[in-house]
Amino acid sequence: MGKLETMLDYTIEVTNPGEPSVVTLIEELDAYLTALYPAESNHLASIEMLCQPHVRFLTARTEEGERIACASCFLYDSYAELKRIRSYAFANRKSIRDTWICDLPKSMRPITFNS
């Protein structure tokens with residue numbers, strides 16, 4: 001889709017959640033959340049739901065091209081809701097892990113709401 005903003009040594013991009021490498025990230029996140037919480041506490045958005053027009057799926061990609069984090073932003077009339085936030089492979093990338101969640105709102109700025 002397109003680059004939104006570059007921060008530190010990764011880029012946050014709007015990404016197609018149906019892309020095979022992204023589906024793998026989402027499946028890993030589902031497995032992680034399913035292991036942590038009982039079924040009644042998991043409200044996992046399907047790939048189909050993440051592809052809806054009011055949803056933006058974001059990934060963070062390193063300069064080497066590795067996807068290292070993801071999140072979805074559900075856009076509503078007067079607010080947005082971040083879901084599915086997850087970072088990956090951070091054994092030696094602490095600076096990314098610590099800033100990813102703070103950089104997400106900055107990446108939302110180009111997204112406008114319908115009035």
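Miscellaneous remarks
- Residues that are crowded, with 18+ Cβ neighbours inside 10 Å and not in a strand (DSSP E or B) within region 9-24 comprise Thr15, Pro17, Val22, listed in sequence order.
- Extreme residue, farthest from the chain's Cα centre (by Cα), among residues of region 25-67 that are in a helix (DSSP H, G or I) and in contact (Cβ under 8 Å) with a residue 24 or more places away in the chain: Tyr32
- Restricting attention to region 38-63, the residues that are farther than 15 Å from Tyr10 by Cα and either buried (at least 17 other Cβ atoms within 10 Å of the Cβ) or out of contact with any Leu (no Cβ under 7 Å at 6 or more places or on another chain) (or both) add up to 17.
- Scanning region 9-45 for residues that are touching an Asp or Glu at 6+ places or on another chain (Cβ under 7 Å) and closer than 15 Å to Ala69 by Cβ yields Asp9, Ile12.
- Selection count, region 75-85, where residues are surrounded by fewer than 17 Cβ atoms within 10 Å (Cβ to Cβ) and either on the phi > 0 side of the Ramachandran plot or not in a loop (DSSP other than H, G, I, E, B) (or both): 5
- Residue match in region 64-74 (condition: surrounded by fewer than 18 Cβ atoms within 10 Å (Cβ to Cβ), under 18 Å from Val23 (Cα atoms) and basic (Lys, Arg)): no
Bear in mind that the values in this text are calculations on the coordinates, not laboratory data. Just so you know, these numbers come straight off a predicted model, no measurement behind them. In this analysis, Cβ positions are derived from the backbone assuming ideal geometry, glycine residues included, and neighbour counts consider all displayed protein chains.
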